[in-house]
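**Q** Here it is, the structure in full.
The values are calculated or read from the model by the stated rules, or taken from the named source; none is laboratory data. The shown structure was predicted, so the numbers you read here are calculated from the model rather than taken from an experiment. Virtual Cβ from ideal backbone geometry, glycine too; neighbours counted across all protein chains shown.
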Amino acid sequence: MMSRVQKGLVAGFAATVAVSILEAANLILGPWAVSFPRLLSVMLQAPDTIIVGWIAHFLVGTLVLGPLFAILCPRLPTDTAESKGILFAVGAFVVMGLTIAPMAGVVGERPVGMFFMQAGFGTFAWMIITHAIYGLVLGNIYGRLAGRGKEAHDLIHGNHHHRHGPYHA
């Protein structure tokens, strides 16, 4: 039986693959926005080596965000695994946009700005959309791996007992 973290790894990998398909389409058919792997390569001070961004994208999406979601999922304040995934992923984007993205400009010569705004509003919107899709897939796969029954409930909602409804204490 897989542990919570292992389920998060699998879900994180699946979500990263799903978003990578969108990013590949953006690069091949567009670009309609600066791709996340391109932004990551700039943030990692390798602006001319997009493979660095792709590697970082897969490592963080699979090895960091997947397991972190699995740990935080029961504590997130929504009802479904998918909505928890979206909240988590958009929250991760907000944290990254407020911390890592602005710092990239401090240490490097090519700043991307807070929330990547130096790349334009289209890129900002693309980042929110792709992070929401990442979260949707992350939550869906994690929920499917969790299965049904009490164990699934505990993995998604926690093992605390609570009442449902607008007036619960």
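**Q** Please go through (1) crowded, with 18+ Cβ neighbours inside 10 Å; (2) at pLDDT below 90 for V106 and return the number of the only condition it doesn't satisfy.
**A** That leaves (1) as the condition not met.
**Q** Among the candidates A125, A101, A92, which residue alone is under 23 Å from A33 (Cα atoms) and modelled with pLDDT under 80?
**A** Testing whether each residue is under 23 Å from A33 (Cα atoms) and modelled with pLDDT under 80 leaves just A101.
**Q** If you don't mind, another one. Which pairs do you get when a residue that is touching a residue at least 60 places away in the same chain (Cβ under 8 Å), found in the stretch 66-94, comes within reach of a residue that is acidic (D, E), reach meaning Cβ atoms under 8 angstrom, with the pair 6+ apart or on two chains?
**A** Pairs that qualify, where the first residue is touching a residue at least 60 places away in the same chain (Cβ under 8 Å) and the partner is acidic (D, E), are P74/D154.
**Q** Which of the residues spanning the stretch 117-143 are more than 15 Å from the chain's Cα centre (by Cα) and touching a residue at least 40 places away in the same chain (Cβ under 8 Å)?
**A** A119, G120, G122, T123, G143
**Q** Go through the stretch 1-50 residue by residue and tally those that are small (G, A, S), more than 15 Å from the chain's Cα centre (by Cα), surrounded by 15 or more Cβ atoms within 10 Å (Cβ to Cβ) and in a helix (DSSP H, G or I).
**A** Of the residues in that region, 1 qualify.
**Q** Which residue out of F58, F93 is hydrophobic (A, V, I, L, M, F, W, C) and under 10 Å from the mean Cα position of the chain (by Cα)?
**A** When all the criteria are applied, what remains is F93.
**Q** Report the residue count in the stretch 11-44 for those that are more than 30 Å from L72 (Cβ to Cβ) and in contact (Cβ under 8 Å) with a residue 12 or more places away in the chain.
**A** Matching residues across the stretch 11-44 total 1.
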